[in-house]
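The values are calculated or read from the model by the stated rules, or taken from the named source; none is laboratory data. From a predicted model like this one, the values you see are computed outputs, not experimental measurements. FYI the Cβ positions are ideal-geometry reconstructions off the backbone, even for glycines, and counts take in every protein chain you see. These accessible areas exclude ligands, DNA and RNA; they are computed on the full protein's heavy atoms, side chains included. Shrake-Rupley method; radii C 1.70, N 1.55, O 1.52, S 1.80 Å.
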Amino acid sequence: QVQLVESGGGLVQPGGSLRLSCAASGKIFSIDVMGWYRQAPGKRRELVATVPSGASTVYADSVKGRFIVSRDNAKHTVVLQMNSLKPEDTAVYFCKAITKPNAVTAWNEVWGQGTQVTVSS
């Protein structure tokens, strides 16, 4: 079983910055994709940024130029640096990973518990 633990959320003023971290632990043979999604009240969960293994990073149009995602394969971590934050960035941010515990098992989708980000003056 793989667990994802997020940290770094909080309250920030518009224009400020926050850094979210996510660490995967447990039985990990390989991780294909790690990334971040968010869900605002009354809205569907949406992609923020993902880092596929061996492929280019994907960003939502709404965060391009403001957010930077980075992944450490050796440590099984993914970090989301959020700059120039706007009130519309307010949401619960979830870490997601596509993992497998061994070479023969199918890929599993794993989600973290979520961390609240509130952008308000």
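Assuming a strict under-19 Å limit between Cα atoms, what lysine pair count do you get for the chain once near-sequence pairs (fewer than 8 apart, same chain) are dropped?
8
Treating only the Cβ atoms of Lys and Arg (+1) and Asp and Glu (-1) as charged, compute the dipole magnitude of the chain about its Cα centre; round to the nearest 20 debye.
The calculated dipole for the chain is roughly 20 debye.
Hey, if you drop one equal point scatterer on each alpha-carbon of segment 19-63 and run the Debye formula without solvent, what base-10 log of I(q)/I(0) do you get at q = 0.27, 0.32, 0.33 Å⁻¹?
Reported log10 I(q)/I(0), two decimals: -1.09, -1.20, -1.22.
What percent does the relative contact order of the chain come to when contacts are Cα pairs within less than 8 Å and at least six residues apart?
On the way: 301 pairs, mean separation 44.7, N = 121.
After rounding, I find 37 percent.
Where only protein heavy atoms count, and the probe is 1.4 Å, what is the accessible area per residue for the chain in Å²?
In whole numbers, the chain has 53 Å² accessible per residue.
Please sort 57-65, 96-104 by packing, taking for each peptide the average over its residues of neighbouring beta carbons within 10 angstrom, highest first.
Final packing ranking: 96-104, 57-65.
With a 1.4 Å probe and every protein chain kept in, tell me what percent of the accessible surface of segment 1-54 is carbon plus sulfur.
After summing per-atom areas, the C and S share lands at 48 percent.
Among 7-17, 80-90, 111-121, what's the highest-first ranking by average C-beta atoms within 10 angstrom per residue?
So the peptides 7-17, 80-90, 111-121, ranked by packing, come out 80-90, 111-121, 7-17.
What Kirkwood hydrodynamic radius do you get for the chain when you take the inverse of the mean 1/r over all pairs of distinct Cα atoms, in Å?
Final number for the Kirkwood radius of the chain is 14.5 Å.
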